[in-house]
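First the structure, in the form of structure tokens, and then the observations on it.
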Amino acid sequence: MFLSVMTLHILSGAMALLAGYAVILFPKGESSHKYLGRAYVGAILTLGITGTYIAILRDVPISIMNGLVLCYFVLSALNTIWQPVNRINVFDKALFVFALLLTVGFIWYSYQTTQVDDGKLGGFGIEAYLAFGSVVAFCTVADYHYIKLGGLRGRRKLVRHLWRMFFPLFMSTAAFFLGQARHLPEALQSIEFILLPVVFVILSAIYWVIKVMARKRSQAISWSQFDKE
């Protein structure tokens, strides 16, 4: 059972990276972009669920939490883009509660690191828990305002979708190229090589957010192009 889950985890991780990079490069709004987006979401969900399962068995709290964080991000990104403008649904409220619980979980584990002699849980110190916890806390506040506003429209709606799709890709890219660099061929373990994909994702996210925000209202993106991405 464990071997099967681990195999699925590895395969879904590879699929998430390939589909994620392809989504960045393919023209937005075309059918290829939509199908790749769906493959990416499915791969990230599988990666997150299997990662959480493996982390529970190995007792690595940061990986337990981050597997759930991956699921939260793609689900909230998907639900945002599927919504009509200025509209929310029950899933938005459920995801807000999910984010709130994740924030509490990160706070709890951060506290737990202060109660052990070496200051680490599952090999990670308080810095890792605070870093990811801060991101999820930000999302919790953002979700609260999103619900309070009754949804978003136009550029703000697309930006919410974009960065929430990019962040799991950033996490997956960093986990593979930085976290698993020792498993790469020795010739590919140089810091320049392993940082390149991470920087590519970060710069791509910044580029698309700026591009969307720079559009004039008269040049607003047609939402039908992104429907059910």
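The values are calculated or read from the model by the stated rules, or taken from the named source; none is laboratory data. Everything quoted here is computed from the prediction, not taken from an experiment. A quick note on method: Cβ atoms are made from the backbone with ideal geometry, for glycine too, and the neighbour counts reach across all protein chains shown. Heads up: the accessible areas ignore ligands, DNA and RNA and are worked out on the full protein's heavy atoms, side chains in. Shrake-Rupley method; radii C 1.70, N 1.55, O 1.52, S 1.80 Å.
(1) open to solvent by 30 Å² or more (accessible area, probe 1.4 Å); (2) under 24 Å from VAL41 (Cα atoms); (3) in a helix (DSSP H, G or I); (4) in contact with a helix residue (DSSP H, G or I) (Cβ under 8 Å, 6 or more places away or on another chain): which one isn't true of LEU95, the others all being true?
Status for LEU95: all satisfied but (1).
If I go through the range 174-204 residue by residue, how many of them are surrounded by fewer than 14 Cβ atoms within 10 Å (Cβ to Cβ), modelled with pLDDT under 65 and either in contact with a helix residue (DSSP H, G or I) (Cβ under 7 Å, 6 or more places away or on another chain) or under 18 Å from TYR21 (Cβ atoms) (or both)?
Going through the range 174-204 one residue at a time, the tally reaches 2.
So which of LEU102, LEU78, LEU70 is part of a helix (DSSP H, G or I), touching a helix residue (DSSP H, G or I) at 6+ places or on another chain (Cβ under 8 Å) and open to solvent by 20 Å² or more (accessible area, probe 1.4 Å)?
The match here is LEU78.
Taking interchain pairs and intrachain pairs at least six residues apart, which have beta carbon atoms under 6 angstrom, with the first residue in the range 35-64 and farther than 11 Å from HIS9 by Cβ and the second crowded, with 19+ Cβ neighbours inside 10 Å and among the aromatic types (Phe, Trp, Tyr)?
PRO61/TYR109
What about TYR129, is it hydroxyl-bearing (Ser, Thr, Tyr), surrounded by 13 or more Cβ atoms within 10 Å (Cβ to Cβ), assigned to a helix (DSSP H, G or I) and modelled with pLDDT of 90 or more?
yes
Report yes if VAL141 is touching a helix residue (DSSP H, G or I) at 6+ places or on another chain (Cβ under 8 Å) and under 29 Å from GLY20 (Cβ atoms), otherwise no.
When the stated conditions are applied, VAL141 does not pass them.
Which members of the range 26-50 meet the condition of being modelled with pLDDT under 95, more than 13 Å from LEU75 (Cα to Cα), open to solvent by less than 30 Å² (accessible area, probe 1.4 Å) and in a helix (DSSP H, G or I)?
HIS33
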